[in-house]
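Notes follow once the structure below has been shown.
No lab work stands behind these numbers, since they all come straight from the coordinates. No experiment lies behind these values; they were computed from the predicted model shown. For neighbour counting, all protein chains shown are included, and Cβ atoms are generated from backbone atoms with ideal geometry for every residue, glycine included.
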Amino acid sequence: MAKDYLNVIERALMMGISDKINTLTATGDDIYVFGQFPETEDLKFPCIIIQQIASGVQEKFFGENISFGNDTSETGEAYGIGFMIHLMTDRDTKVTVGSTDYKQRRLLNWLMLNVANALQDINWDTYEEEDLEILERHVLAWNDIGFMPQVDWYGASCRMSIVFLNKR
Amino acid sequence: MSNIKLGRVNMPKLLRQMRHRTSQVRDLVFIRDPIYRKETKTTKSGGTLAGPAVNFGYESDSHAAQTEGTNAAYHADSPELVLPGLKCLQSPIISRVGTLERTGHRITGACSFYTPSLDYILAMDNFSETTQFNELESYDKLIDIERIIERADDYSATATSHTVKTFADKTSGYQLDRLQFKIKSGTTLTKIALSGNEGGSTKSLTWSGSLALSSSEYITIDVPLRDLEAGDKTSVYKDGVRTELTAGTDNTILDIDKLYGASTYDLLSLVLTTSSGLVELKDIYFYKEAEWRIEAIKDYRDEYMEVSAVRVRGERGSRRRAYG
């Protein structure tokens with residue numbers, strides 16, 4: 001069967017973030033995760049948008065044979081995939097965590113830290129739809145943290161990269 | 001308004017005469033969002049913070065006056081303003097441009113409104129009486145009736161429960177943004193209830209409060225119908241005094257976006273509840289709104305104002321119907 005690691009990782013990433021972060025809020029049903037920029041009519045806040053921005057060979061192995069675990073007969077390499085994670089919330093949206101209400105910049109601050117935590121803590125075994133071997137994950141700094149006055153949105157973005165074993 | 005200078009153009013008279021000949025004279029609802037107070041802190045573990053309250057910058061849910069810290073007057077009560085009845089000449093009447101963006105497709109537009117002079121607006125009903133309004137500002141909202149989707153016949157009855165409209169079978173609701181009507185009565189309005197059939201079960205959206213009406217003049221009430229949760233607030237002004245209405249439900253809250261017009265996804269009725277007495281209603285509109293944000297104002301003193309407005313929010317009906 002043809003390998004489909006990019007889709008499997010992208011879907012696992014979205015499921016993992018949503019599953020983790022929504023367990024932290026009072027209703028457990030507050031934060032929306034989208035795999036692409038949603039249409040205006042479908043947009044709900046606060047939301048997390050996962051955008052794949054790059055992928056390619058990270059590191060080839062000598063002789064191209066790989067021997068991770070029992071896979072001695074396969075060839076492959078370490079393959080990288082890069083994402084931009086965007087957070088957005090509007091002026092009115094309120095999320096209750098514990099007994100505290102979070103809005104606007106306070107909500108954005110909370111989201112930045114807890115999405116980063118979720119990214120670090122994803123257990124790929126739980127969400128993978130095909131057997132994955134994730135070698136590395138790197139979450140970089142949040143940037144473009146700010147407010148868009150035209151639409152009353154607060155937002156931030158960060159880059160992350162994942163390196164996995166591309167077996168075939 | 002006899003002491004108001006109307007200028008050589010006499011914009012109010014011009015608007016009155018033009019509105020019989022063109023629909024470019026619009027009856028707008030002026031809305032200014034509430035100014036919420038900011039989250040602050042005056043205490044630390046085991047004591048009081050030195051200096052005035054620390055202002056964290058983000059808003060709380062309250063627009064009420066704030067009296068924390070040593071500088072006790074830094075926030076006066078500033079609720080939402082919802083003032084219908086602002087007549088303007090609009091050009092062009094509908095400006096709608098579809099733009100493809102990262103977030104999909106967005107409807108935008110731009111137009112100019114020609115309003116009576118500020119002195120005239122300041123002397124109008126509600127505008128003159130509330131202490132919050134002093135001038136049009138950039139970023140204020142002007143809500144226009146872009147299209148009336150459903151309307152009800154004029155209504156007059158002596159009762160406490162008033163079924164103002166019973167919708168035909170398969171009447172869709174996803175295009176409705178707001179409800180507007182004029183009401184005259186010596187009674188008190190306590191509830192506006194819109195009910196619908198969502199997946200075979202009856203659900204409702206109610207606006208509840210206690211609004212003493214007027215038996216001598218019609219009051220215009222304009223309330224939102226979409227994207228509401230129980231506990232959301234809106235405002236009705238009468239003689240400059242605000243009455244707060246709270247969103248709720250008689251059973252489960254209605255999401256009118258889901259009412260796409262099948263027999264199990266349709267509107268059922270509009271029912272008003274008042275204290276006992278004669279109630280008269282007219283100009284009852286369920287409408288699709290155009291939300292205009294003021295961007296620039298040119299004030300020609302005694303004559304008129306030219307208000308440039310942009311439309312930054314807009315949705316395609318097809319997607320609203322599809323996504324519910």
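Take every DSSP beta bridge whose two residues both sit in region A:5-167, then give the antiparallel share in percent to the nearest 5. Could the numbers behind the result be given before it?
Values: 42 of 45 bridges.
Once the DSSP bridges in region A:5-167 are tallied, antiparallel ones form about 95 percent.
Under a GNM of chain A (C-alpha, springs under 10 Å), which listed residue has the highest mean-square fluctuation: A:SER55, A:SER157, A:SER99? Answer for the Gaussian network model of chain A: A:SER99.
A simple charge model with +1 on the Cβ of Lys and Arg, -1 on the Cβ of Asp and Glu and nothing else charged puts the dipole of region B:181-324 at about 320 debye relative to its Cα centre.
Give the calculated FRET efficiency between A:PHE61 and A:THR27 to the nearest 0.05, with a Förster radius of 51 Å applied to their Cβ-Cβ distance. Once the sixth-power term is evaluated, E becomes 0.60.
Modelled spin labels at B:SER138 and B:VAL54, positioned 7 Å past Cα toward Cβ, are 3.3 nm from each other.
Exceeding 25 Å between C-alpha atoms, which entries from my cross-link table qualify? They are B:LYS258/B:LYS288; B:LYS141/B:LYS238; A:LYS44/B:LYS170; B:LYS258/B:LYS282; A:LYS103/B:LYS288; B:LYS141/B:LYS288. Among B:LYS258/B:LYS288; B:LYS141/B:LYS238; A:LYS44/B:LYS170; B:LYS258/B:LYS282; A:LYS103/B:LYS288; B:LYS141/B:LYS288, the Cα-Cα distance tops 25 Å for A:LYS44/B:LYS170; B:LYS258/B:LYS282; A:LYS103/B:LYS288. Distance from the alpha carbon centroid of region A:11-28 to that of region B:1-63 works out to 38 angstrom.
Report the charge-dipole magnitude of region A:5-167 in Debye, nearest 20, computed about the Cα centre from +1 at each Lys and Arg Cβ and -1 at each Asp and Glu Cβ. Mind dumping the intermediate values first?
Values: 12 positive and 25 negative charges, 165 e Å.
Dipole size: approximately 800 debye.
Can you sort B:ARG8, B:ARG226 so the residue with the fewest Cβ neighbours within 10 Å comes first?
On the way: B:ARG8 7, B:ARG226 17.
Least to most surrounded, the residues fall as B:ARG8, B:ARG226.
What residue among A:GLY82, A:THR126, A:SER99 has its Cα farthest toward the positive end of the dipole of region A:5-167, where the charges are +1 on Lys, Arg and -1 on Asp, Glu, each on the Cβ? Of A:GLY82, A:THR126, A:SER99, it is A:SER99. Given A:GLY155, A:ASN22, A:GLN58, which one lies farthest toward the positive end of the charge dipole of region A:21-168, if we put +1 on the Cβ of every Lys and Arg and -1 on the Cβ of every Asp and Glu? Farthest along the dipole direction, towards plus: A:GLY155. In chain A, Cα pairs under 8 Å separated by at least six residues give a relative contact order of 26 percent.
Fewest neighbouring Cβ atoms within 10 Å first, the residues B:SER216, B:SER318 line up as B:SER216, B:SER318. For region B:253-270, backbone nitrogen atoms closer than 20 Å to the point 7 Å from B:SER208 Cα along Cα-to-C-beta are found at B:253-256, B:269-270.
Quick one: net charge of A:CYS158's neighbours, Cβ under 15 Å, K/R +1, D/E -1? Before the final figure, lay out each step's value.
Details: positive: A:ARG137, A:ARG159; negative: A:ASP144.
Around A:CYS158, the surrounding residues sum to +1.
Take the Cα radius of gyration of the protein assembly as shown and divide it by 2.2 N^0.38 Å, N being the number of residues; the result is 1.18. Computed from label points 7 Å out along Cα-Cβ, the spacing between B:LYS41 and B:ASP61 is 2.1 nm.
For B:ILE192, neighbours were defined as the other residues whose beta-carbon sits under 13 Å from its Cβ, and their charges (Lys and Arg +1, Asp and Glu -1) total +1.
Here's the picture: a label point sits 7 Å out from the Cα of A:ASP92 along the beta-carbon direction, and within region B:209-249 the residues with their amide nitrogen under 19 Å of it are B:209, B:221-237, B:243-249.
Multiplying the sequence separation of B:ILE4 and B:VAL310 by 0.36 nm and subtracting their Cα-Cα distance, what value in nm do you get?
Numbers: separation 306, 0.36 × 306 = 110.16 nm, distance 2.96 nm.
Between B:ILE4 and B:VAL310, full extension yields 107.2 nm more.
Report, as an integer, the average count of C-beta atoms from other chains found within 10 Å of each Cβ along A:26-37.
Details: counts 0, 0, 0, 0, 0, 0, 0, 0, 1, 0, 3, 4.
Taking all residues of A:26-37 together, the mean is 1.
State to the nearest 20 debye the size of the charge dipole of region B:128-218 about its Cα centre, where the only charges are +1 on K and R beta carbons and -1 on D and E beta carbons. Before the final figure, lay out the partial values.
Working: 10 positive and 13 negative charges, 94 e Å.
Roughly 460 debye, rounded to the nearest 20.
Of all the C-alpha pairs in chain B, what % are more than 31 Å from each other?
Numbers: 20934 of 52326 pairs.
In whole percent, the long-distance tail amounts to 40.
Counting only helical runs of four or more DSSP H residues, what would the 222 nm mean residue ellipticity of the protein assembly as shown come to if each run contributes -39,500 (n - 2.57) and the total is spread over all its residues?
After summing the helix terms and dividing by residue count, I get -3500 deg cm²/dmol.
The residues B:TYR74, B:TYR265, when put in order of fewest to most other Cβ atoms within 10 Å, stand as B:TYR74, B:TYR265. Averaging the sequence gap over all C-alpha pairs within less than 8 Å and six or more residues apart, then dividing by the number of residues, gives chain B a relative contact order of 24 percent. Overall dimensions of region A:5-167, expressed as equivalent-ellipsoid semi-axes from the Cα gyration tensor (√(5λ), whole Å, largest first), are 34, 16, 13.
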